[in-house]
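J.: Quick one: structure below, then a few questions.
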Amino acid sequence: MAIINHLKDKLWSYVSPRKTPSQRRDKEFQMRAPPLPQLKPIKAHRRSTMTEARSPAEESTPDNALRRMESLTLKDDQMAEMGDQDPAELPPSPPSSLESSALERAYTDVEGELIIDDIANALNPDSEGEWDANEDTVVLDEADYLEAQRQAAAKRELQRQRQDIQGRELRAAGWTEDAVFLFQKLGMRGFEPLLPAAWYSDFSFLPVDLFTHNLDKAFVKPVNPDQFSRGSKALYRLFEVGGRVRDAVANKPPIRTPEWQIRYHIQQYNKWAQIDANTYHNTLRTISLFDIIAVRKHVPAAAAEARMLKKLTKRAAQWRAAFEVRRTQDAAAATRGSKGKAPVVSSSADPGPDLPTLYGVVACHTVMAFVSYDVHAKTPMLRTVAMFDLGQDGYDVWNSLAIAIFVCHCRNRLLELREFLPRAEVLESSDDDV
């Protein structure tokens, strides 16, 4: 029992935290506490701070002495680089992983400095095999950009001068003013804006110069603000006419031939223009400024011309009758309004406006031609305004824009003459989704 109590007291004296100062002693196998970091030690007291009082046993141990010497001494190369600078004030060294991957970061070094030139030489010691996906990216100098803009403006001005010269020649040849305007407008496509900027997101594949924020300069646009969405949709479908025509040439369908595709797409776009002008759901629907014929490629040109001339002659008679009906309506309204008052001069004495210039579209296989017809000419004849080959790849946008310009010009001219046409009577409603 005494032995057990002795062992218990000995164990307790070893592990007990309440020891007398004489009982506290350092043990050889005790784990030493790590030293506290010193941010800015004073140089004058560096030796005294690092050489604290130690027991004679520790001082005489060779291992302890070696460790103390290693902690107090610096390598020769580090001392040479540091000089008199305090080691605690030096920036921390980068890890070895960062040093090994320095060549992989091709734009900045450890300190954030640009090293593009140095790293390019390090990555490509052999300049013959250099590859860089960013080498074709060129930032245009402001002077070069301004020069390009000046050249584009010079080209536009040159084209306008050319159009003016051609316009004078066409007027001298007997062309009507309306036909000359259409001729010049078709020739200027690509040199001036045509579409409203609100449609740019729908036609991002078009050059940005074709769009404008000024609606007065946009020629291909709706006159009704509610038709902007449907106008964009109608124009997008019109851009498909070139591909449809070439598909028809390749597949040789019995009904939807190339000329049928041309006529169909023009009619569909003209349908939207009539809805936009509010002439589709009333009696003005039958009044138009142009006609379309589609003939096979083996039909002689003279036969197609005679057919178009016959249709436009009937169209001119329709316009004469329409003007006469309006004069009659105005005269009747004036008579009803003059009852019990002084007599008024009948408006039937007013000859009214001249008959407008009429147009025709001849579609023969892949070729489309715009022709004009002067009602007042002594000898009725057709004049070719422009010709387009929709079978030629790469011109779909410009050919479709020519159709849009043609249809919008006829719509605008119809709206100018609307006050001289018979008063519209509403027809049965139908689906106006184009």
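Coordinate-derived values only; no laboratory data. Note that the coordinates shown come from a computational prediction; the quantities given were computed from them, not determined experimentally. Cβ coordinates were reconstructed from backbone atoms using ideal geometry, including for glycine residues, and neighbour counts include every protein chain displayed.
J.: Measuring from label point to label point, each 7 Å out along Cα→Cβ, what is the ASN278 to VAL223 span in nm?
T.: That separation, rounded to one decimal, is 1.0 nm.
J.: Sticking with this one: Given H placed 1.01 Å from N in the peptide plane, which residues other than close sequence neighbours of PHE290 have an amide H under 5 Å from its amide H?
T.: Amide H to amide H, under 5 Å and 5 or more residues apart or across chains, PHE290 pairs with TYR359.
J.: For GLN268 and PHE420, calculate 0.36 nm times their separation in residues minus their Cα-Cα distance, and state this gained length in nm to one decimal.
T.: 52.1 nm
J.: Still on this model: If you wrap the range 285-329's Cα atoms in a convex hull and average its projection over all directions, what's the area in nm²?
T.: Its average projected convex-hull area is 3.5 nm².
J.: A further question follows. Relative contact order for the range 175-244: what is it in percent, counting Cα pairs under 8 Å that are at least 6 residues apart?
T.: Taking the mean separation of contacting Cα pairs over the length of the range 175-244, I get 26 percent.
J.: I've got another one for you. Assuming R0 = 22 Å, can you tell me the calculated FRET efficiency for the pair GLN159 and SER204, based on Cβ-Cβ distance, to the nearest 0.05?
T.: 0.30
J.: Give the peptides 157-163, 273-279 in descending order of average Cβ contacts within 10 Å, highest first.
T.: 273-279, 157-163
J.: Which values, in whole Å and largest first, are the semi-axes of the equivalent ellipsoid of the range 160-310 obtained as the square root of 5 times each eigenvalue of the Cα gyration tensor?
T.: 27, 24, 18
J.: Among the listed pairs LYS271/LYS311; LYS217/LYS311; LYS185/LYS252; LYS271/LYS314, which have their C-alpha atoms separated by more than 25 angstrom in this model?
T.: Beyond 25 Å between Cα atoms: LYS217/LYS311; LYS185/LYS252.
J.: Subtracting the Cα-Cα distance from 0.36 nm times the residue separation, let me have the gained length for GLU177 to THR286 in nm, one decimal.
T.: Contour length minus the Cα-Cα distance gives 36.8 nm.
J.: Determine the shape class of the range 226-284: with a ≥ b ≥ c the square roots of the Cα gyration tensor eigenvalues, call it rounded for a/c under 1.5, and otherwise prolate if a/b is greater than b/c, oblate otherwise.
T.: oblate
J.: Out of residues 5 or more away from THR212 or on other chains, whose amide H comes under 5 Å of its own, with H placed 1.01 Å from N in the peptide plane?
T.: The answer is LEU195, ALA197.
J.: Across the range 184-195, in residue order, what do the Karplus-derived ³J(HN,Hα) couplings come to in whole Hz, using 6.51 cos²θ - 1.76 cosθ + 1.60 with θ = phi - 60° and x for Gly and Pro?
T.: 5, 5, 5, x, 8, 5, x, 10, 8, x, 10, 10
J.: Compute the FRET efficiency between GLN166 and ALA332 as 1/(1 + (r/R0)^6), taking r as their Cβ-Cβ distance and R0 = 35 Å, and round to the nearest 0.05.
T.: Between GLN166 and ALA332 the formula returns 0.15.
J.: Another question, then. Could you work out the pair-distance distribution P(r) of the range 351-412 from its alpha-carbon pairs, with 5 angstrom bin width and percents rounded to whole numbers?
T.: 4, 16, 22, 23, 15, 10, 6, 3, 1, 0
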